[in-house]
1. Could you work out how far apart the two model spin labels at LYS36 and ILE14 are, taking each label as a point 7 Å from the Cα in the direction of the beta carbon, and quote it in nm?
2. Could you state the orientation-averaged shadow area of the convex hull built on the Cα atoms of region 58-113, in nm² to one decimal?
3. Where in region 84-112 does the amide nitrogen come within less than 19 Å of the point 7 Å from the Cα of MET23, taken along Cα to Cβ?
4. How do LYS36, LYS65 rank when sorted from fewest to most other Cβ atoms within 10 Å of their own Cβ?
5. Classify region 1-64 from the C-alpha gyration tensor, please: rounded if a/c falls under 1.5, else prolate or oblate depending on whether a/b exceeds b/c.
6. Using only helices, what value at 222 nm comes out for the chain when you add -39,500 (n - 2.57) per DSSP H run of length 4 or more and divide by the total residues, to the nearest 500 deg cm²/dmol?
7. Got the relative contact order for the chain handy, in percent, Cα pairs under 8 Å and 6 or more residues apart?
Amino acid sequence: MKKSNFVALILGTIGIVFFALGMCMALIEEWGMFQKGIIAGVIGLVILLVAVIVWRRMEGKEPVKLEPKTIGAVLVGIAGALLLGVGMCLSMVFNKMLLGIVIGLIGIVVLLMLLPLTKGIHD
């Protein structure tokens with residue numbers, strides 16, 4: 001394993017743990033830690049952003065350019081993840097199984113659209 005991949009793995013794991021724990025803290029009302037959860041989630045997002053910057057620099061790649069295609073891909077990814085999550089919540093929390101499955105499948109299709117959007121279709 002290359003050093004850059006190992007560093008990205010460690011920083012990514014730390015960032016995801018902070019983000020996930022922060023979201024749990026913020027969204028589980030019984031814990032009563034909404035503000036602390038938001039802070040932990042933001043810390044996780046910052047660590048993940050640093051991980052991307054550090055990995056790209058260690059690999060000798062140029063910084064990510066904010067082009068319309070990049071912004072569109074990020075928005076499609078966010079929309080797909082939200083649709084998939086809403087579908088899962090409808091199925092598991094609100095007992096709306098059929099609606100949840102349909103919305104979740106739409107989210108999966110939207111996420112699958114990222115492949116041709118970012119990589120294109122070749123022969």
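1. Going by the 7 Å Cα→Cβ label model, 2.1 nm.
2. In nm², the orientation-averaged hull projection of region 58-113 is 5.1.
3. 84-94, 100-101, 103-112
4. Details: LYS36 13, LYS65 7.
Lowest count first: LYS65, LYS36.
5. Details: a/c = 5.32, a/b = 2.70, b/c = 1.97.
Prolate is the answer for region 1-64, as a/c is 1.5 or above and a/b outweighs b/c.
6. Counting only the DSSP helices, I get -27000 deg cm²/dmol.
7. Working: 131 pairs, mean separation 23.1, N = 123.
Contact order relative to length: 19 percent.
No value in this document is a laboratory result; all are computed from the given coordinates. These numbers come from a predicted model, not from an experiment. Glycine also receives a Cβ, built like all others from the backbone with ideal geometry; neighbour counts cover every protein chain displayed.
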